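What follows is a set of notes on a single structure, which appears directly below.
The values are calculated or read from the model by the stated rules, or taken from the named source; none is laboratory data. What you see is a predicted model, and the numbers here were worked out from it, not measured in a lab. Cβ coordinates were reconstructed from backbone atoms using ideal geometry, including for glycine residues, and neighbour counts include every protein chain displayed. When the accessible area is computed, the model is the full protein with side chains, heavy atoms only, and any ligands, DNA or RNA have been set aside. Shrake-Rupley method; radii C 1.70, N 1.55, O 1.52, S 1.80 Å.
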Amino acid sequence: MDESDRSLMTKIFSSYYSQAELEIVGIEQREFGVGFSRKIESRHLAFAHPSELRNYLMNNTPFFVSHSISYYEHPAATPMEKKIWMGADLVFDLDLHAEGKYGAYPLLDKVKSDLSRLVTDFIKGDFGCKDVMLAFSGNRGYHVHVRDKDFRVLGGEERRELVDYIMGNGLNYRDFFSEGGDKIAKLHGPRPDEGGYRGRFAKLALKAVQDDPSSIHRGLKQEKARDVFVKGIMEGNWSASPVKKNSELIERLAPIAKMLPVASVDTDAGVTQDLSKLIRVPNSIHGDTGLIAKVFDATELERFEPLRDALMPASQEIRVRFLEDVPELPLRGEATGPFKKDEEKRLNLSIASFYVLKGSATIIKR
Amino acid sequence: MDDKELDFAVKYPFTDEARKAIAGITLTESIADRGVERIKRALEGDMRASVSLRGSDKEESIASFAASRMILGFLRNPFLTSRFAVNEAKIAHGWLDRADEKEVDAVARIFGIATTPEKGLMLITLPVYLRFSPRSVDYRITNRRLIRGMVEITYHEKKRLVEEAVRKHVERIPLVKDPPELIKQAGEKLLDSLPKTQAGSGKLPSGAKVEDHPPCVERLMESMRKHENLPHQARYFLATYLMAIGMNDDDIVQLFSDAPDFKEKITRYQVTQIRKRAYSVPSCATTLTYGLCVAVCRIGSPLNWHTLGKERKSLIKQQMAGSMERVD
């Protein structure tokens, strides 16, 4: 990105910030960090009011702006101890790792199912959190901000415990089962109406019995055998299966246990655990993409498409020249590209910004 | 204050009731001396306690706890403070074991530990559970019934949570900058009476360089130096690892002397047992389930750290540092 590209980007960002929704819970207790060419070049900034932040962003226009997940009595004080910690949001970072500059974008949609499980099953379901906000990260993932007051006081280690739970670290589904009770070795196991991993395991097993019974045992292909097995599981009795030995049944259920945690995406342990962490300001622009770290409601998750919904609002068009080959992407709800190196194209300003900031295009000067 | 209330205050000297019981009492040399004794008992791991004291003796016993805290606030030695907190918490647990449910609840309530009964067990809110459960495998939420922010625990576990809450509470000792002369003297007396090794040398045994351990071990050694109370699995892991890299028993015991509940005899016995039975160093997968893994080394066993080249090592550490800096 050359100087003139950069100065145009700055103007676009500044104009976006003049209108942007910048409400931040506890803004006066947050530390801010900004960067012009990388994420954080200076930190320990503080803003008493959203309008102060807006003015700063309009006039100084950093390419990256983050705020602390923590609340402090003196957010601008240094060193850290002098800030006086008052608590912190619980923040989860779902980040996608993929090959190539544009490799992650087609996969963003897949992360949504993990995000949905993380929020519905784990954060709201198992943890019982209520104040949950979702935001696009502005590039390759999503952030979940949890602000329930009784979770704010948790320390780093205690947060690590939550991350481990979500990732299923130390989870052994064999511990769900126990033998005994009656004369015949009865296998006690989880019921579908139980909470946490136990309940989910039972539900997944029931689903497998219905959808693909032979994945557990050939004998379950018979409807009658299936019904007996299912009826047992509903009451936490796993003995009523065509599998002779309890231990063998448990081993045959191993593939179900693998589906339990949110494993395909790193719920970044560092972010959740590190209380001095700064996280991208919701609704601010990610300087590597020009995409907005857009806030959306959990109920909108299914419909939210970052490459359509997180572009800056813009109606003007501008000509760019591509500096490298770029694959096709669905930007602003339309198939865009592919583009070849040296190709010149008139594009919507927000789309042009995306390619310029990615280092794939440059603006053609008149 | 009636006898029952006074007994409650003697048993749980960290409560408001205790503060009230000694409100009118002035510090005497005898109280300060008992404060010193109380800390020394903690160093010996002496958890015995009794309320079979009479009248003013009870008040002096409560006051001795306050005196201990002032001495510790003046000395600002994290090792002493930590040992004291562990011991006082264990004493309190001893009382809880002998108490009825009403009394347990009264102490639990101080720390916001409230439970609701559920089919012979109890439910507690997740944040409170996380704050006060010991960091050990048995208490990991992965292995617990967890539903809508409530964790299932037993009555026994509830008391263990209260113990942990007491420990954390007692450990937070306000700084005492300019204490009464009696406290200063008591503090000096206490330091003089300590064998030199017991105060925790903070030095690493020869043969072990901090720079050259895998990140998980470095983290544990750092915690140890800060006199943090490491869970059993962490200590076991550390001991097997140090043995494997060739450290002798004396040096290992010395290293563990920084632990807040250090008892040389017990530590030495455990270290000897580990060596005798040739227990192996837990794999990376196991350290992960213990919650001790802190980096992405991809080496399978912490011992393989020593087979890595310099560049790879620094890359792993950079990535660790990087993950702290990343915002995306």
Hey, could you check segment A:3-35 for residues that are away from every other protein chain (no Cβ under 14 Å) and of a type in the set (Phe, Trp, Tyr) and say which is surrounded by the most Cβ atoms within 10 Å (Cβ to Cβ)? A:13
When segment A:266-286 is examined, which residues are found to be part of a strand (DSSP E or B) and modelled with pLDDT of 75 or more? A:278, A:279, A:280, A:285
So which of A:39, A:101, A:83 is of a type in the set (Lys, Arg), more than 25 Å from the chain's Cα centre (by Cα) and at pLDDT below 95? A:83
Taking the condition more than 30 Å from residue A:335 (Cα to Cα), in contact with a strand residue (DSSP E or B) (Cβ under 9 Å, 6 or more places away or on another chain) and open to solvent by 10 Å² or more (accessible area, probe 1.4 Å), does residue A:112 pass? no
What number of residues within segment A:3-52 satisfy the criterion of being closer than 22 Å to residue A:361 by Cα, in contact (Cβ under 8 Å) with a residue 12 or more places away in the chain and acidic (Asp, Glu)? 1
Any chance segment B:124-141 includes a residue that's open to solvent by 30 Å² or more (accessible area, probe 1.4 Å), under 13 Å from the mean Cα position of the chain (by Cα) and at the interface with chain A (Cβ under 10 Å from one of its Cβ atoms)? yes
Single condition residue B:38 does not satisfy, out of (1) farther than 20 Å from residue B:162 by Cα; (2) open to solvent by less than 10 Å² (accessible area, probe 1.4 Å): (2)
Quick check on this structure: which one of A:144, A:119, A:153 is within 12 Å of chain B (Cβ to nearest Cβ) and either open to solvent by less than 60 Å² (accessible area, probe 1.4 Å) or more than 18 Å from the chain's Cα centre (by Cα) (or both)? A:153
Please work out which residue is surrounded by the most Cβ atoms within 10 Å (Cβ to Cβ), limiting yourself to segment A:39-93 and to residues that are within 11 Å of chain B (Cβ to nearest Cβ) and over 24 Å from residue A:149 (Cβ atoms). A:65
Checked segment B:215-224 for anything over 19 Å from residue B:167 (Cα atoms) and either open to solvent by 70 Å² or more (accessible area, probe 1.4 Å) or in contact (Cβ under 8 Å) with a residue 12 or more places away in the chain (or both); matches are B:215, B:216, B:217, B:219, B:220, B:221, B:222
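Report, by residue number, each residue of segment A:130-141 that is assigned to a strand (DSSP E or B) and at the interface with chain B (Cβ under 9 Å from one of its Cβ atoms). Explain how you work it out, then say what you get.
Looking only at segment A:130-141, we keep the residues that are assigned to a strand (DSSP E or B), and these are A:132-136, A:141.
Selection gives A:141 alone.
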If you check residue B:162 against the conditions, is it buried (at least 16 other Cβ atoms within 10 Å of the Cβ) and away from every other protein chain (no Cβ under 14 Å)? yes
If we ask which residues in segment A:333-342 are on the phi > 0 side of the Ramachandran plot and either aromatic (Phe, Trp, Tyr) or open to solvent by 90 Å² or more (accessible area, probe 1.4 Å) (or both), their number turns out to be 1
Pairs with Cβ under 6 Å, 6+ apart, first in segment B:18-42 and part of a helix (DSSP H, G or I), second open to solvent by 80 Å² or more (accessible area, probe 1.4 Å) and of a type in the set (A, V, I, L, M): B:21/B:1
Extreme residue, farthest from the other protein chains (Cβ to nearest Cβ), among residues of segment A:174-197 that are in a helix (DSSP H, G or I) and within 19 Å of residue A:246 (Cβ to Cβ): A:174
Condition check for residue A:171: within 9 Å of chain B (Cβ to nearest Cβ), farther than 22 Å from residue A:247 by Cβ and either surrounded by 19 or more Cβ atoms within 10 Å (Cβ to Cβ) or at pLDDT below 90 (or both): no
Sole exception among (1) open to solvent by 60 Å² or more (accessible area, probe 1.4 Å); (2) within 11 Å of chain B (Cβ to nearest Cβ); (3) in contact with a Leu (Cβ under 9 Å, 6 or more places away or on another chain); (4) of a type in the set (Lys, Arg) for residue A:159, by number: (1)
Any residue that is open to solvent by 40 Å² or more (accessible area, probe 1.4 Å), more than 8 Å from every other protein chain (Cβ to nearest Cβ) and within 25 Å of residue A:125 (Cβ to Cβ) - is there at least one of those in segment B:99-107? no
Exclusive hit being of a type outside the set (D, E, K, R), under 30 Å from residue A:338 (Cβ atoms) and not in a helix (DSSP H, G or I), set A:33, A:100, A:87: A:100
Residue among A:22, A:94, A:90 that alone is in contact with a Gly (Cβ under 7 Å, 6 or more places away or on another chain) and under 30 Å from residue A:130 (Cβ atoms): A:94
Test residue B:281 against the stated conditions and say whether it is modelled with pLDDT of 85 or more, β-branched (Val, Ile, Thr), buried (at least 17 other Cβ atoms within 10 Å of the Cβ) and part of a loop (DSSP other than H, G, I, E, B). yes
Given the condition touching a residue at least 60 places away in the same chain (Cβ under 8 Å), more than 24 Å from residue A:26 (Cβ to Cβ) and within 13 Å of chain B (Cβ to nearest Cβ), answer yes or no: does some residue in segment A:198-206 qualify? yes
Qualifying residue in segment B:237-250 (condition: away from every other protein chain (no Cβ under 14 Å), in contact (Cβ under 8 Å) with a residue 12 or more places away in the chain, buried (at least 16 other Cβ atoms within 10 Å of the Cβ) and part of a loop (DSSP other than H, G, I, E, B)): yes
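Could you grab me the full set of residues in segment A:307-328 that are open to solvent by 10 Å² or more (accessible area, probe 1.4 Å) and either within 14 Å of chain B (Cβ to nearest Cβ) or of a type in the set (A, V, I, L, M) (or both)?
Result: A:307, A:311, A:314, A:318, A:323.
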Scanning segment A:86-98 residue by residue, those hydrophobic (A, V, I, L, M, F, W, C) and modelled with pLDDT of 85 or more turn out to be A:86, A:88, A:90, A:91, A:92, A:94
Among the residues of segment B:80-97, is there at least one that is out of contact with any helix residue (DSSP H, G or I) (no Cβ under 9 Å at 6 or more places or on another chain), modelled with pLDDT of 90 or more and open to solvent by 40 Å² or more (accessible area, probe 1.4 Å)? no
Segment B:108-120, subset surrounded by fewer than 16 Cβ atoms within 10 Å (Cβ to Cβ) and outside any helix (DSSP H, G or I), residue nearest to the other protein chains (Cβ to nearest Cβ): B:112
